[in-house]
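**Student:** Quick one: this structure, given as structure tokens, is what I'll be asking you about.
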Amino acid sequence: MAEALTATGYIQHHLHHLSSGEMSSIVDFSVLNYDTIFFSVLALVVMFFILRAGAKKATSGVPGKMQCAVEMLVDFVNEQAKTIVHGDRTFVAPLALTVFCWVTLMNAIDLIPVDLLPVIAHSDLIGLSYLRPLPTADLNGPLGMSLGVLLLMFYYGVKVKGLGGFVCELFTAPFGNHPALWAFNFLLNLIEYAAKFVSLGMRLFGNMYAGELLFFLLALLGGFALELSPFGAAAAGLGQIVASLAWWLFHVLIVLLQAFIFMMLTLVYIGQAHSSH
């Protein structure tokens, strides 16, 4: 692949998905990104094994480090759910825990060196031309999760208020139940739901996509150093190490922060579905 030797070709190659085909338009539901699906499911399986391991090691005596970490995480998420969602939290608190852990593990894939997994995939043993392992930097992944949250908002809206109450609220809130306002209320509610759906997914995607691109640019410093004099190469190499380490450490916070924000917004939106305008 000759164009991968250039900076543009390198980035384009790393942004290309292992997919079922090329997209014919901006929205093409016939194309599947296999790498996004694989790493999303892999992160979910790893999450379940970690939490299960913590639950199996739970004792009534002095807890170990694993049990302490899991219990602290569960208590933290449960407190957030209690504060935001006023109603039945039998399913909501475990959902929030799943969302936080799952998004954290998916985001954490970005902390792996950007060339490691693509090089392994491109080896003779596997033979894949493309691999983009970060699921949350693919818009399909975050929007798929936000679609799930949207469906849960509808579910709890109907469950808490009843089908008639939910439909009535769509046409009478927030400006009143006068027939002249029904169409305006309904349109405004549709826009509100659409804005929540899009913003929830786009926020996670935008932050992780930007972080991924910055890792690509930092990786390019190594290739740039090869074209310089020995002194310039040493300076560029040192700059790459320092900049990459600094961004990696800062990105750990972004990984956790974006997972926390996604979890909190999920709780907020489901909490709003429990309440009336």
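**Student:** Filtering region 82-139 down to residues that are under 15 Å from the mean Cα position of the chain (by Cα) and among the small types (Gly, Ala, Ser), which residue is farthest from residue 22 (Cα to Cα)? Step through it out loud before you land on a result.
**Tutor:** Within region 82-139, the subset under 15 Å from the mean Cα position of the chain (by Cα) is 95-111, 132-139.
Those still in the list that are among the small types (Gly, Ala, Ser) too: 96, 108, 137.
Values: 96: 35, 108: 27, 137: 18 Å.
Checking each candidate, the answer is 96.
**Student:** For residue 82, indicate whether it is farther than 15 Å from residue 263 by Cα, open to solvent by 60 Å² or more (accessible area, probe 1.4 Å) and free of Cβ contacts under 8 Å to residues at least 40 places away in the same chain. Let's see the steps before the verdict.
**Tutor:** Details: farther than 15 Å from residue 263 by Cα: no; open to solvent by 60 Å² or more (accessible area, probe 1.4 Å): yes; free of Cβ contacts under 8 Å to residues at least 40 places away in the same chain: yes.
Here the answer is no, as residue 82 does not meet what is asked.
**Student:** Would you mention how many residues in region 158-193 are closer than 14 Å to residue 273 by Cα and among the small types (Gly, Ala, Ser)?
**Tutor:** Summing the residues that are closer than 14 Å to residue 273 by Cα and among the small types (Gly, Ala, Ser) in region 158-193 gives 3.
**Student:** Within the group 114, 119, which residue is modelled with pLDDT of 90 or more, open to solvent by less than 40 Å² (accessible area, probe 1.4 Å) and among the aliphatic types (A, V, I, L, M)?
**Tutor:** Values: 119 fails: open to solvent by less than 40 Å² (accessible area, probe 1.4 Å).
Result: 114 is the single residue among 114, 119 that is modelled with pLDDT of 90 or more, open to solvent by less than 40 Å² (accessible area, probe 1.4 Å) and among the aliphatic types (A, V, I, L, M).
**Student:** (1) under 30 Å from residue 213 (Cα atoms); (2) modelled with pLDDT of 90 or more; (3) among the aromatic types (Phe, Trp, Tyr): which one isn't true of residue 29, the others all being true?
**Tutor:** Evaluating residue 29 over (1) under 30 Å from residue 213 (Cα atoms); (2) modelled with pLDDT of 90 or more; (3) among the aromatic types (Phe, Trp, Tyr) leaves (2) as the failure.
**Student:** Output the number of residues of region 41-79 satisfying the condition of being assigned to a loop (DSSP other than H, G, I, E, B) and either polar (S, T, N, Q) or open to solvent by less than 80 Å² (accessible area, probe 1.4 Å) (or both). Write out each step before concluding.
**Tutor:** As a first pass, look at region 41-79 and keep what is assigned to a loop (DSSP other than H, G, I, E, B): 57-64.
So of that shortlist, the ones also either polar (S, T, N, Q) or open to solvent by less than 80 Å² (accessible area, probe 1.4 Å) (or both) come out as 58-61, 63-64.
Of the residues in region 41-79, 6 are assigned to a loop (DSSP other than H, G, I, E, B) and either polar (S, T, N, Q) or open to solvent by less than 80 Å² (accessible area, probe 1.4 Å) (or both).
**Student:** Just to be sure, is residue 87 at positive phi and surrounded by 12 or more Cβ atoms within 10 Å (Cβ to Cβ)? Even if it seems obvious, please write down each step before you answer.
**Tutor:** Working: at positive phi: yes; surrounded by 12 or more Cβ atoms within 10 Å (Cβ to Cβ): yes.
Answer is yes for this residue.
**Student:** Looking only at region 167-198, which residues are touching a residue at least 12 places away in the same chain (Cβ under 8 Å), open to solvent by less than 50 Å² (accessible area, probe 1.4 Å) and not acidic (Asp, Glu)?
**Tutor:** 170, 172, 173, 185, 189, 193, 196
**Student:** Hey, among 62, 41, 31, 27, which residue is over 20 Å from residue 142 (Cβ atoms) and not hydroxyl-bearing (Ser, Thr, Tyr)? Even if it seems obvious, please write down each step before you answer.
**Tutor:** Details: 41 fails: over 20 Å from residue 142 (Cβ atoms); 31 fails: over 20 Å from residue 142 (Cβ atoms); 27 fails: over 20 Å from residue 142 (Cβ atoms).
Going through 62, 41, 31, 27 in turn, just one is over 20 Å from residue 142 (Cβ atoms) and not hydroxyl-bearing (Ser, Thr, Tyr): 62.
**Student:** Still on this structure, I have one more. For region 146-166, which residues satisfy the criterion of being open to solvent by less than 30 Å² (accessible area, probe 1.4 Å), hydrophobic (A, V, I, L, M, F, W, C) and either in a loop (DSSP other than H, G, I, E, B) or touching a residue at least 40 places away in the same chain (Cβ under 8 Å) (or both)?
**Tutor:** Answer for region 146-166, where residues must be open to solvent by less than 30 Å² (accessible area, probe 1.4 Å), hydrophobic (A, V, I, L, M, F, W, C) and either in a loop (DSSP other than H, G, I, E, B) or touching a residue at least 40 places away in the same chain (Cβ under 8 Å) (or both): 149, 150, 153.
**Student:** Please work out if residue 75 is over 21 Å from residue 146 (Cα atoms) and charged (D, E, K, R).
**Tutor:** When the stated conditions are applied, residue 75 passes them.
**Student:** When you go through 225, 259 one by one, which is the residue that is of a type in the set (A, V, I, L, M) and at pLDDT below 95? Step through it out loud before you land on a result.
**Tutor:** Working: 259 fails: at pLDDT below 95.
Matching residue, one of 225, 259: 225.
**Student:** Further question on the same structure: When you scan region 5-40, how many residues do you find that are more than 21 Å from residue 99 (Cα to Cα), among the aromatic types (Phe, Trp, Tyr) and open to solvent by less than 40 Å² (accessible area, probe 1.4 Å)?
**Tutor:** 1
**Student:** Follow-up. Return the pairs, sorted by first residue and then second, in which the second residue is among the hydroxyl-bearing types (Ser, Thr, Tyr) and modelled with pLDDT of 85 or more, the first residue lies in region 233-261 and is over 14 Å from residue 110 (Cα atoms), the beta carbons are less than 9 Å apart, and the residues are 6+ apart or on different chains.
**Tutor:** These pairs meet every condition: 260/104.
The values are calculated or read from the model by the stated rules, or taken from the named source; none is laboratory data. Remember, it's a predicted structure, so these values are computed and weren't measured experimentally. We place every Cβ from the backbone using ideal geometry, glycine too, and count neighbours over all the protein chains shown. Note: areas computed on protein heavy atoms with side chains; ligands, DNA, RNA excluded. Shrake-Rupley method; radii C 1.70, N 1.55, O 1.52, S 1.80 Å.
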